[in-house]
Amino acid sequence: VLDKLKTRYWFSTQELSFSFLGLGKLARQAAGSSVTADIRVDGRTVGTMEANPVKLTTRELGGATHGVDIVAHGTGRLYYYWEAEGISASGAYKEEDNYLKVRKRFFDREGRPLTGNTFKQNDLIIVQLTLERTFSTDVDNIVITDMLPAGFEIENPRTKEIPGMDWIKNEDSPTALDIRDDRINLFVDLQSNRQVYYYAVRAVSLGTYHMGPVSADAMYNGEYHSYNGAGTIHVVPQ
């Protein structure tokens, strides 16, 4: 079914009807489930799933030295998922392109590409984010998240408002923006093979900083994702 959804966008009324019938049969089977589960950390029970879903956080799961075990009882299917976010203490992460490809580049205010990882204090830096797809089907409801190093501050999320940005010719507009101290989130629908977004940051604080990766995730299908471009940056005096 997943393969069909990736290659086709429109389905006939009959195909959709039989899909709902199939989902109904699966729901009927799940309704008869008697499965329960104990969640254990280092042999100690930290949660029990009975009639309702259970959500556990780092408070219950953190500090495990021998792993987390889920012990199921009864009959039926048990579903679980693990979600983690943030930057690892070592700075290591997995670069991966799965149906999507997101990349980040830096330019100066005249449009010249910046190479290397050293920036001068008070410089205005234009960040280019490109998002591509590896197949022909549109992908909606994607969030692009760019994690900022602590030495950068967002100057302007809309480069069209900055004088002298005439060199930007291929800019796309996100559906929505979410601007925070440590990141910018762009909510987009990928309806062409390649879409490009820009925003401006300023190098404000001298020092050496870890820079998180830029990521792209389809909010309703985690299989579609891309992570790339973490590293270390240096902000030096003018």
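The values are calculated or read from the model by the stated rules, or taken from the named source; none is laboratory data. Since this is a predicted model, take the numbers as computed values, not measurements. Glycine also receives a Cβ, built like all others from the backbone with ideal geometry; neighbour counts cover every protein chain displayed. All accessible areas refer to the heavy atoms of the entire protein, side chains included, with ligands and DNA or RNA removed. Shrake-Rupley method; radii C 1.70, N 1.55, O 1.52, S 1.80 Å.
Worth a mention:
- Net dipole in debye of region 45-110 [+1 Lys, Arg Cβ; -1 Asp, Glu Cβ; about Cα centre; nearest 20]: 180
- Per residue, the convex hull volume that the Cα atoms of the chain enclose (Å³): 162
- Placing +1 on the Cβ of every Lys and Arg and -1 on the Cβ of every Asp and Glu, with no other charges, gives region 128-238 a dipole of roughly 280 debye about its Cα centre.
- Using θ = phi - 60° and Karplus 6.51 cos²θ - 1.76 cosθ + 1.60, couplings along region 98-103 (whole Hz; Gly, Pro as x): 10, 6, 10, 9, 10, 9
- Per residue accessible area in Å² of the chain, where ligands, DNA and RNA are left out and the probe is 1.4 Å: 65
- Local net charge near ALA31, Cβ-Cβ under 15 Å (Lys/Arg +1, Asp/Glu -1): +3
- Summed residue charge, Cβ within 15 Å of GLY43's Cβ, Lys/Arg positive, Asp/Glu negative: -2
- Solvent-accessible surface of protein heavy atoms, probed at 1.4 angstrom with all chains present, puts MET219, MET147 in the order MET219, MET147, largest first.
- Basic side chains Lys and Arg get +1 at the Cβ, acidic Asp and Glu get -1 at the Cβ, and with that the dipole of region 1-145 about its Cα centre reaches some 220 debye.
- Here the 3J(HN,Hα) profile of region 221-238, calculated from phi with Karplus coefficients 6.51, -1.76 and 1.60 at θ = phi - 60°, is 7, x, 5, 8, 7, 7, 9, 6, x, 7, x, 10, 10, 10, 10, 10, x, 5 Hz, Gly and Pro shown as x.
- Taking 19 Å as the straight-line reach from the Cα of LYS160, the aspartates and glutamates in range (excluding those fewer than 8 positions away in the same chain) are ASP108, GLU110, ASP123, GLU171, ASP172, ASP178.
- Among beta bridges that DSSP assigns inside the chain, antiparallel share in %, nearest 5: 95
- Whole-Hz ³J(HN,Hα) from phi, Karplus 6.51 cos²θ - 1.76 cosθ + 1.60, for region 199-215, glycine and proline x: 7, 10, 10, 10, 7, 10, 10, 5, x, 10, 9, 7, 10, x, x, 8, 10
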